[in-house]
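Report on one structure; see the data block that follows.
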Amino acid sequence: MIYKSLLKPIIFQKDAEEAHDLALKISSATNTSPLLQELASILYGGGKNVEKQFWGLNFRNPIGLAAGFDKNGTTPKAMEALGFGFVEIGSITAQSSHGNPKPRAFRLPEDKSLINRMGLNNEGADKIVERLKHHNLSIPLGINIAKTNDSSIHGNAAISDYVYSYEKARTVADYVTINISCPNTGEGKTFEDPDILKSLLDEINPSGNSVPTLVKFSVDTEIKALRKLVEICESFNIDGYVATNTSSQREYLNTKSSILSSIGNGGLSGSAISVKSDEVVSNLYAMLKGSKPIIGVGGVDSIESAQRKVDAGADLLQIYTGLVYEGPGLIRKLKNGVNFR
Ligand SMILES: Cc1cc2nc3c(=O)[nH]c(=O)nc-3n(C[C@H](O)[C@H](O)[C@H](O)COP(=O)(O)O)c2cc1C
């Protein structure tokens, strides 16, 4: 209520990234202040907690923060206070990066969606992992890793770059997500190429490690390609999947095409990708036959859209764009309203 009637009208006056920076500032302040955490918890915490156990971790409830909101790990305690059952930090990369030139985040209010081409801006694995070393979270902490956004890093160097972040992340994370589906880097989505994914997982050697390791797919992954990628991941004993990342396509949109072309490239998130994302979850579920947990993400912004994702096969859910349009009240609403399997 407070968010939609008071804060959102002010925040939406700002450019999308400035609004995000403000939200991060408030969340980071809350992260270090027990008093603000108490306040956040009074305003937004509570609700029905349906506990889940996956990978030996206890999820207080199945609603998590998706990667991209907190790329530098400055807000996890604040997110716990808001009522999330888990948080995913990142994407972090081996080297720090300023990301792509601004503007790089845009709202599509008619579609309750966003387009972003942030380009993996983050402070780099060393600094972020150091920051998270002494976290006192009581919910699982996921760290999402990607390749440094620098097209001069390719081939074996690109694989070493990922491995560096993985080795760092696993020292503090409860689970690590390998993001092979970022649409916003110069070289596109090379790690969704089956041979390259194989080489990457060979080096990362997830089954030789104790940290649960997940792979995150794009919403644009066609069923045939998905089958091939899952086959590879399963041969490396990947522990679970995150479906899905944003879309490079422009489907299911009411926003005028002139506006879309003035925005240009970027990953589409939010309500517009909900149906396609459900399809990927459902295909994944059919392929895995329920053998591995799936984190469903993409266009969850209501009880109905969350329920569709669960019914498609998601064991846990994550939200990002829904938070922008609905505010943190969405977390409790989903906890109270969704029937989890
Ligand atoms: C501004 C923005 C930045 C994002 N950055 C990342 C990222 O760094 N790594 C990642 O795996 N996903 C990233 N995502 C994708 C989200 O984690 C999520 O997969 C996608 O937005 C679909 O969920 P949603 O519709 O709830 O936003 C980002 C999304 C947005 C909107």
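The values are calculated or read from the model by the stated rules, or taken from the named source; none is laboratory data. In this text the structure is predicted, and so the values were computed from the model without any measurement. Every residue, glycine among them, receives a Cβ derived from its backbone with ideal geometry; neighbour counts consider all protein chains shown.
Results, tabulated for the structure shown:
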| read-out | value |
| --- | --- |
| Number of the condition not met by LEU120 [criteria: (1) out of contact with any helix residue (DSSP H, G or I) (no Cβ under 8 Å at 6 or more places or on another chain); (2) more than 16 Å from THR177 (Cβ to Cβ)] | (2) |
| Output for the stretch 81-116, where each listed residue is touching a Phe, Trp or Tyr at 6+ places or on another chain (Cβ under 9 Å) and among the charged types (D, E, K, R) | GLU88, ARG107, ASP111, LYS112 |
| Top-ranked residue of the stretch 228-266 - restricted to ones that are in a helix (DSSP H, G or I) and among the β-branched types (Val, Ile, Thr), ranked as surrounded by the fewest Cβ atoms within 10 Å (Cβ to Cβ) | ILE259 |
| Matching strands (runs of 3 or more DSSP E) fully within the stretch 28-73 where at least 1 residues are under 23 Å from GLY298 (Cα atoms) and away from the ligand (no atom under 16 Å from the Cβ) | 52-54, 57-59 |
| Residue list for the stretch 306-319, restricted to those being surrounded by fewer than 24 Cβ atoms within 10 Å (Cβ to Cβ) and either near the ligand (Cβ under 9 Å from one of its atoms) or assigned to a helix (DSSP H, G or I) (or both) | GLN307, ARG308, VAL310, ASP311, ALA312 |
| Residue check for GLY208: under 17 Å from the mean Cα position of the chain (by Cα) and either under 24 Å from ALA105 (Cβ atoms) or at pLDDT below 95 (or both) | no |
| Test: ILE159 is within 16 Å of the ligand (Cβ to nearest atom) and either within 14 Å of ASP70 (Cβ to Cβ) or without any contact (Cβ under 8 Å) to a residue 60 or more places away in the chain (or both) | no |
| Top-ranked residue of the stretch 88-136 - restricted to ones that are more than 16 Å from ALA272 (Cβ to Cβ) and among the β-branched types (Val, Ile, Thr), ranked as farthest from the ligand (Cβ to nearest atom) | VAL129 |
